[in-house]
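Here the structure is laid out as structure tokens; the discussion comes afterwards.
The values are calculated or read from the model by the stated rules, or taken from the named source; none is laboratory data. What you see is a predicted model; the values in this text were computed from it and never measured. Cβ placement follows ideal geometry from the backbone for every residue including glycine, while neighbour counts extend to all protein chains displayed. Quick note on the areas: whole protein, heavy atoms, side chains included, nothing else; ligands and nucleic acids left out. Shrake-Rupley method; radii C 1.70, N 1.55, O 1.52, S 1.80 Å.
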Amino acid sequence: VVAHTLGALDSAKAALDAAATTATPVRYVDPRANVLVVEEAEPGAAAGLLAATAVPAGLVRVVGTDQAPRPLYDLRGGDAYYMNGSGRCSVGFPVTRGATQGFATAGHCGRAGTTTSGWNQVAQGSFQASVFPGSDMAWVAANSQWTATPYVKGSGGANVQVTGSVLQPVGASVCRSGSTTGWHCGTIQQHNTSVTYPEGTISGVTRTTVCAEPGDSGGSYISGSQAQGVTSGGSGNCSSGGTTFFQPLNPLLSAYGLTLRTTGSDPGPGPGPGDPEPGGTWKAGAVYAAGDTVTYGGASYRCLQGHQAQTGWEPPNVPALWQRM
């Protein structure tokens, strides 16, 4: 038999919830202890809250805290972000650099130091580096409220998994996600294309039949589950059709030392107890271009397709990516 009914504790909590501030950030009923717990970040804050709501002190246990809860938001390819509180572009692909989380996007969207806010207009981060023209690449480091996810916003808002960044050949299907026109698909027409915009010439981009419109800039190009690049520019629109160009992702990752956030893959069985690690120059997280050579497990391999390496994609395991020499 307990002194306070659950209904009485819930009613008291509702009264506190209606008047609480960040000085008393967390409140909950502890049924086992038969008490309403109030966490206070400032001495006396809980007593002030009880006085303001006329909740009996006998119902409450006060616990001090140094925590400051805040909302947490996801970074996802294709979602909107805003530069310096005004212009809008789209997230390309969430990435990490050491412990820092952020995303890859187009260089023409902002310069180093440009601040960003997310799709919800909440402060998000700032551009760390940017190149445009010449190339069209940049990356944004996010603050601690934002978490990089291995997803792109697909058709109907569904999440599309990102598992790697192998550049697909001419003729392959490719889809683009952007904050203005959403999800559209087409084919890859040419790699290593140069295009001249009013601001100057960029080289090394890929030409596609996918449409895009202003605000889609920086957004994701993906083929299957393989990240391809970020939206640079083009012509036409998504009503009458158009041609667009994307900045390939792997050179961007390599230039800034970024690691693409992926859903990962099954690494398969590792070395057994007492077995030596294979060693060599191959390294998960490194970006490799076609023609690069590495060593792994005492053998040499030549890269067949550009990609960012990840655990499970060791050269002996992926003959589509590596050829033993």
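Can you pull out every residue in region 293-317 that is in contact with a strand residue (DSSP E or B) (Cβ under 7 Å, 6 or more places away or on another chain), assigned to a loop (DSSP other than H, G, I, E, B) and open to solvent by 60 Å² or more (accessible area, probe 1.4 Å)? Once the filter is applied, which keeps residues that are in contact with a strand residue (DSSP E or B) (Cβ under 7 Å, 6 or more places away or on another chain), assigned to a loop (DSSP other than H, G, I, E, B) and open to solvent by 60 Å² or more (accessible area, probe 1.4 Å), region 293-317 yields only Leu304. Checked against (1) farther than 26 Å from Ala142 by Cα; (2) modelled with pLDDT of 95 or more, Gly77 passes all but a single condition, namely (1). When Gly224 is tested against the conditions (1) open to solvent by 50 Å² or more (accessible area, probe 1.4 Å); (2) at pLDDT 95 or above, the lone failure is (2). If the condition is being under 13 Å from the mean Cα position of the chain (by Cα), among the β-branched types (Val, Ile, Thr) and under 24 Å from His191 (Cα atoms), then region 120-159 contributes only Val152. Residues in region 56-84 that are under 26 Å from Phe103 (Cα atoms), assigned to a strand (DSSP E or B) and open to solvent by 20 Å² or more (accessible area, probe 1.4 Å): Tyr73, Asp74, Arg76, Tyr82, Met83. In region 114-132, the qualifying residues are those that are open to solvent by 50 Å² or more (accessible area, probe 1.4 Å) and touching a strand residue (DSSP E or B) at 6+ places or on another chain (Cβ under 6 Å), and the one that is nearest to Ser177 (Cα to Cα) is Trp119. Would you mind stating whether Ser203 is crowded, with 24+ Cβ neighbours inside 10 Å, out of contact with any helix residue (DSSP H, G or I) (no Cβ under 7 Å at 6 or more places or on another chain), modelled with pLDDT of 95 or more and polar (S, T, N, Q)? Judged against the criteria, Ser203 is not a match. Could you grab me the full set of residues in region 141-166 that are out of contact with any helix residue (DSSP H, G or I) (no Cβ under 6 Å at 6 or more places or on another chain), part of a loop (DSSP other than H, G, I, E, B), within 14 Å of Gln226 (Cβ to Cβ) and among the polar types (S, T, N, Q)? Thr163 - this is the single residue of region 141-166 that is out of contact with any helix residue (DSSP H, G or I) (no Cβ under 6 Å at 6 or more places or on another chain), part of a loop (DSSP other than H, G, I, E, B), within 14 Å of Gln226 (Cβ to Cβ) and among the polar types (S, T, N, Q). Per the listing Ser203, Ser239, the residue uniquely in contact with a strand residue (DSSP E or B) (Cβ under 7 Å, 6 or more places away or on another chain) and not aliphatic (A, V, I, L, M) is Ser203. In the set (1) assigned to a loop (DSSP other than H, G, I, E, B); (2) open to solvent by less than 20 Å² (accessible area, probe 1.4 Å), Ser177 fails one condition alone, (1).
Here's the yes/no breakdown for (1) assigned to a helix (DSSP H, G or I); (2) open to solvent by 80 Å² or more (accessible area, probe 1.4 Å); (3) farther than 30 Å from Ser165 by Cα; (4) in contact with a Leu (Cβ under 6 Å, 6 or more places away or on another chain):
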| site | (1), (2), (3), (4) |
| --- | --- |
| Asp10 | yes, no, yes, no |
| Asp17 | yes, no, yes, no |
| Thr22 | no, yes, yes, no |
| Arg27 | no, no, yes, yes |
| Ala33 | no, no, yes, no |
| Ala47 | yes, no, yes, no |
| Cys89 | no, no, no, no |
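Number of residues in region 78-118 that are in contact (Cβ under 8 Å) with a residue 40 or more places away in the chain and farther than 19 Å from Thr231 by Cα equals 4. Among the residues of region 160-174, those identified as open to solvent by 20 Å² or more (accessible area, probe 1.4 Å) and either within 20 Å of the chain's Cα centre (by Cα) or under 25 Å from Gln121 (Cβ atoms) (or both) are Val160, Gln161, Thr163, Leu167. Taken over region 95-140, residues that are in contact with a helix residue (DSSP H, G or I) (Cβ under 7 Å, 6 or more places away or on another chain), of a type in the set (Phe, Trp, Tyr) and farther than 25 Å from Gly157 by Cβ amount to 1.
Would you say Gly219 is surrounded by 15 or more Cβ atoms within 10 Å (Cβ to Cβ) and more than 22 Å from Tyr288 (Cα to Cα)? Against the criterion (surrounded by 15 or more Cβ atoms within 10 Å (Cβ to Cβ) and more than 22 Å from Tyr288 (Cα to Cα)), Gly219 qualifies.
Entry remark, region 234-260: residues being under 24 Å from Val170 (Cβ atoms), among the hydrophobic types (A, V, I, L, M, F, W, C) and either open to solvent by less than 30 Å² (accessible area, probe 1.4 Å) or touching a Gly at 6+ places or on another chain (Cβ under 6 Å) (or both) number 6 in total. Any residue in region 189-210 that is without any contact (Cβ under 8 Å) to a residue 40 or more places away in the chain and of a type in the set (Lys, Arg)? Among the residues of region 189-210, at least one is without any contact (Cβ under 8 Å) to a residue 40 or more places away in the chain and of a type in the set (Lys, Arg), which makes the answer yes.
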